[in-house]
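Student: Would you mind keeping the following structure in view while I ask a few things?
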Protein chains: 2
Amino acid sequence: MNETMPDTGPMTIDAETRMQGGEDHRAELRLWLRLLTCTTLIESEIRSRLRARFDVTLPRFDLMAQLEKAPEGMTLGDLSRRMMVSAGNVTGLVERLVQDGLVDRRPAPGDRRSALVNLTEKGRTAFEEMAHDHGDWIGEMFDGLDETDIDTLMRLLGKAKTSARAAQARVFPSSTDKDDAHG
Amino acid sequence: MNETMPDTGPMTIDAETRMQGGEDHRAELRLWLRLLTCTTLIESEIRSRLRARFDVTLPRFDLMAQLEKAPEGMTLGDLSRRMMVSAGNVTGLVERLVQDGLVDRRPAPGDRRSALVNLTEKGRTAFEEMAHDHGDWIGEMFDGLDETDIDTLMRLLGKAKTSARAAQARVFPSSTDKDDAHG
DNA sequence: CTCAATTATTTTAAGCTTAAAATATCTCTC
DNA sequence: GAGAGATATTTTAAGCTTAAAATAATTGAG
C-alpha cells in the first residue's frame, strides 16, 4: 500500500470550510423545504384560528406569550431577542398592544433608555384563554406523532439548531476583539 | 408494592402535571417552538445572505425557484399554491420581478383570466448563480447532521406534515405544497 | 471628568403578507 | 344560450417586517 497520501475519506475540514466544486446538497435542500413546509403549514393554521376565534394576530399572541413567562416584565430588547425579530418591529407591536390595553409600558428603573413591558390584567386574562386553545391546537397538529417521534424530533432539531447557529457564527464572528474600524 | 400501575417515570402529582379534563400538550408545544426556532434561524440567515450577496429578497428568490422548475411557466394561482402564500401576495411579487426584468408575464393560451409567468433569460442566469450559493448555504446550515439524521428528520417531518394536514383538513379542504416529491 | 464607543429604542422607507371584496372569465346545467 | 356558480386575478386596507439611519442614555478608558 502506498502510504504517502492516506485517503482520509471525505476531505479534511479546516476552520474556513470551503464548499467543494461539485458537492451537491440535494438531501439538505429537500430537508430544508420540508422543514419550511411543516412550519408554514402549522403557522398558517394557527394564525387563521387565532384570528377567527380571538381576533388576534399571531405576532401579538407570540409577544404576549413571551411576557406571560416574565412576571417582572421584559424590555423591548429582551422581546426582540427572544422573538428573533427586529427591534423596530417590537416597537410597533408593543404600541398596538398598548392601544388594545393588553400590555403596558413603563420606564425601566435604573436605565432611562429602556422600557419594561408587562401584560395588563386584561392582557393576562385574554392570553390565558387563548393559550389554552392554542395548546390544544398544537396538540392536534402533532396528533400523528407518538412520544418517541417527538423525542427524536426534539433531539435532531436541537442538533440542527446548533448546526445552523454555528454556520451563522462563522459569518458573524463575535467581533468586539478586532479594531477593524480604524478609529 | 402496588403493581397494577407500573411506574413509567416521573409521574409526581404536582398540580401542573395532573391531567384532569384537558390534556397536557407540553411536549408538543416544546416541539413546535423548537421547529419554529430552527426555521426562523435558517430563514433569517438565508435572507440576510441573499440580500448581502445578491441584493434580492427571500420571497423573490422563492418565486424564481418555483419558476425554474417549470419551463412551461406557471400561472399566478400555481405560484400561490406552491409557495403557500395568498394570491394577492403573488400579484405584487410578480409585478416587482417584472419591473426588475427577471420574470415575464403573458396571457395564458386558452384562458383569458390567467397569465403565465416565466423566468426571463436574465432571470434564469441570475437565479442559477444565486441557487448555487443558496445550496451551499443550506448544506452549511445542516453540516452538523449526518445522513441518518437527515433521513430520520425527513421521515418524521413527513409524518408531522401529514398530521398537520389532517388537522387542517378537519376545518378546510385543501391541497398542494412546496416539498412534494417531484422531479 | 470627558469623550468616544456602546447599547436601547425609535423612525423611516420599502417591501411583504393577509383577508376580504371586487372584477373578469369560464363552465356547466337546463 | 342564459344564468348560476366556480375559478383566476386584482384591489384595498391594515398590519407585519426588515435594514438602516437617527436619537438618546450609559459605560469606560484615560
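Student: Other chains' Cβ within 10 Å of B:41-54 residues: what's the mean?
Tutor: Going residue by residue through B:41-54 and averaging, the value is 3.
Student: So which of B:LYS122/B:LYS161; A:LYS161/B:LYS159; A:LYS122/A:LYS161; A:LYS159/B:LYS69 end up more than 24 Å apart, counting from Cα to Cα?
Tutor: Details: B:LYS122/B:LYS161 36 Å; A:LYS161/B:LYS159 20 Å; A:LYS122/A:LYS161 35 Å; A:LYS159/B:LYS69 31 Å.
Table pairs above 24 Å Cα-Cα are B:LYS122/B:LYS161; A:LYS122/A:LYS161; A:LYS159/B:LYS69.
Student: Measuring from a point 7 Å out along Cα→Cβ, what nm distances, shortest first, does A:ARG47 have to its partners in the other copies?
Tutor: So the label point of A:ARG47 gives 1.2 nm to the other copies.
Student: Okay, moving on. Taking square-rooted eigenvalues a ≥ b ≥ c of the alpha carbon gyration tensor, is region A:70-121 rounded, prolate or oblate, where a/c under 1.5 means rounded and, failing that, a/b exceeding b/c means prolate?
Tutor: Taking the square roots of the gyration eigenvalues as a ≥ b ≥ c, region A:70-121 is rounded.
Student: Then there's this: Which distances in nm, rounded to one decimal and ordered from shortest, link the label point of B:GLY101 to the equivalent label points in the other identical copies, with labels set 7 Å from Cα toward Cβ?
Tutor: Values, ascending and in nm: 5.6.
Student: Can you list, shortest first in nanometers, how far B:ALA70 lies from the same residue in the other copies, with each label 7 Å from Cα toward Cβ?
Tutor: The projected label point of B:ALA70 is separated from its counterparts by 4.3 nm.
Student: If you don't mind, there's one more thing I want to ask. List the residues, sorted by chain then number, that are 5 or more residues from B:ALA115 or on another chain and whose placed amide H is less than 5 Å from its amide H.
Tutor: Counting only residues 5 or more places away or on other chains, the set is B:LEU76, B:ALA108.
Student: Measuring from label point to label point, each 7 Å out along Cα→Cβ, what is the A:VAL171 to A:MET154 span in nm?
Tutor: 3.1 nm
Student: Let me spell out the model: positive unit charges on the Cβ of Lys and Arg, negative unit charges on the Cβ of Asp and Glu, origin at the Cα centre of region A:50-161. What dipole size does that give, in debye rounded to 20? List each step's numbers first, then the result.
Tutor: Values: 16 positive and 20 negative charges, 174 e Å.
For region A:50-161, the charge dipole is close to 840 debye.
Taken together, the values in this text are just the output of simple stated rules run on the coordinates, not laboratory data. Computed from a predicted model, the values in this text were never measured in an experiment. Positions of Cβ are backbone-derived with ideal geometry, glycine not excepted, and every protein chain shown enters the neighbour counts.
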